[in-house]
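Student: Please find one structure pasted underneath; my questions will follow.
Just so it is clear, none of the values below were taken in a lab; they were calculated from the coordinates. Keep in mind that what you see is a predicted model, and the values were worked out from it rather than measured. Glycine gets a Cβ as well: all are built from the backbone with ideal geometry, and neighbour counts include every protein chain shown.
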Ligand SMILES: Nc1ncnc2c1ncn2[C@@H]1O[C@H](COP(=O)(O)OP(=O)(O)O)[C@@H](O)[C@H]1O
Ligand SMILES: [Mg+2]
């Protein structure tokens, strides 16, 4: 297992990652055998309803997990700028390597910018600190870099904002400041965990557009996490769909949107409100609700909500990963194409 190397064209690889929360009420298997990979410069969208394990997985890549989290197996590998491989899954939160990687080679942005920004330091100071922590530069150069980054994220009046505190800024501007901070050292991987979820529709579109153009300009890979399927279509090259701690389908954005094979992906697609021209249709929700994480259903964990579930199979055995010729994968006993439009 530990002899497995990163595939030559992979930047990051998760292989059978498990993260558990042992609680008094039972064990929550928040991440249950998750595997995915990211190539340099590509955007991987991670989609799934709230509670599916998207954030816990992302935080284990950064080794920024809650204290109670138990790493219950699996490997996470990352290729450094130097070409050297790091077995992240064997690192501690405070290891030298992780402190080197975070903020330098891997950046992270969140739904709530104040998770990343300190309220008691100016925007400029925070960016300068990150730059000076990882690069041998003078204070003056670091300040110039901060202004350059603020300009790059299209912050209005960057020369003024550099000396402001986060509470002086609007929500959208804080989001831009957090992006500038995450990009301070030109990371090769940016993890974006629901970065637009708390924003109004107009600001969301602006931030998405910004991330897309920064990605094209700077060429970093992005893991873009969202519960909103509509958003991934805009930004992702490939998509991984998560449900109850598992990846249930992966494919290119076209495969996932035009030829989804897993009933859960199909149901999520049907729940996207249609935009443009006509009034948005009433949002269809998936029947049933996400089960209690302490009592994950036997067999395929989606079977109680699945219209295609076959008794005796889907409620009995865990489905295999079915891989199609194109590389698309569905973890389902009966994967099949359904015309999502026709199913309406
Ligand atoms: N600190 C924690 N203690 C206990 N359970 C947690 C903790 N953090 C997350 N979980 C549980 O792990 C599961 C996955 O959570 P999360 O990764 O945050 O989901 P998502 O980001 O997809 O909404 C959920 O059932 C959640 O309740
Ligand atoms: Mg989350």
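Student: Arrange the following residues from fewest to most other Cβ atoms within 10 Å of their Cβ: 264, 36.
Tutor: With the sparsest Cβ surroundings first, the list reads 36, 264.
Student: Where does each of 249, 194 land when they are ranked from fewest to most other beta-carbon atoms within 10 angstrom? Present the calculation step by step, with values, prior to reporting the outcome.
Tutor: On the way: 249 28, 194 20.
Exposure proxy ranking, most exposed first: 194, 249.
Student: I need the per residue convex hull volume for the range 114-186, using only the alpha carbons, in cubic angstrom as a whole number.
Tutor: Values: hull volume 5.5 nm³, N = 73.
Output value, Cα hull per residue: 76 Å³.
Student: Put a dot 7 Å past each Cα toward the Cβ at residue 64 and residue 311; how far apart are the dots in nm?
Tutor: Taking the simple label geometry, residue 311 and residue 64 are separated by 4.8 nm.
Student: Still on this structure: Taking only C-alpha pairs under 8 Å that are 6+ residues apart, what is the relative contact order of the range 28-163 in percent?
Tutor: The value is 14 percent.
Student: Would you please state which residues of the range 209-235 a label at residue 197 would reach in this model, taking the label point 7 Å out along Cα→Cβ and a backbone N cut-off of under 20 Å?
Tutor: Counting backbone N atoms under 20 Å from the label point, the list is 209-212, 222-235.
Student: Moving to a separate point now. Report P(r) for the range 1-150: all Cα-Cα distances, bin width 5 Å, range 0 to the bin holding the largest distance, values in whole percent.
Tutor: So the P(r) values, bin by bin, are 2, 8, 15, 18, 19, 15, 12, 7, 3, 1, 0.
Student: If you don't mind, another one. Taking Cα atoms, how many degrees apart are the long axis of helix 201-218 and the longest axis of the chain, rounded to 10 and kept between 0 and 90?
Tutor: 70 degrees
Student: Let me ask something else. Zone of residue 218 (label point 7 Å along Cα→Cβ, backbone N under 14 Å): which residues in the range 131-172?
Tutor: The answer is 131, 145-155.
Student: What would the Debye equation give as log₁₀ I(q)/I(0) for the range 134-276 at q = 0.13, 0.16, 0.21 Å⁻¹, counting only Cα atoms as equal point scatterers?
Tutor: Relative scattering, expressed as log10 I(q)/I(0), comes to -0.66, -0.91, -1.32.
Student: Also, quick follow-up: Would you mind getting me the FRET efficiency between residue 186 and residue 71? Use the beta-carbon distance for r and R0 = 25 Å, nearest 0.05.
Tutor: On the way: r = 29 Å, r/R0 = 1.16.
So the FRET efficiency works out to roughly 0.30.
Student: Roughly speaking, what is the stretch gain from residue 27 to residue 324, that is 0.36 nm per residue apart minus the C-alpha to C-alpha distance, in nm to one decimal? Mind showing how you got there, number by number?
Tutor: On the way: separation 297, 0.36 × 297 = 106.92 nm, distance 3.35 nm.
Stretched fully, the residue 27-residue 324 segment lengthens by 103.6 nm.
Student: Determine, for 303, 167, the number of other Cβ atoms within 10 Å of each Cβ, and report the residues in order from fewest to most.
Tutor: On the way: 303 21, 167 10.
Lowest to highest Cβ neighbour count: 167, 303.
Student: Diagonalise the Cα gyration tensor of the chain and give the resulting equivalent ellipsoid semi-axes, square root of 5 times each eigenvalue, largest first, whole Å.
Tutor: 35, 24, 18
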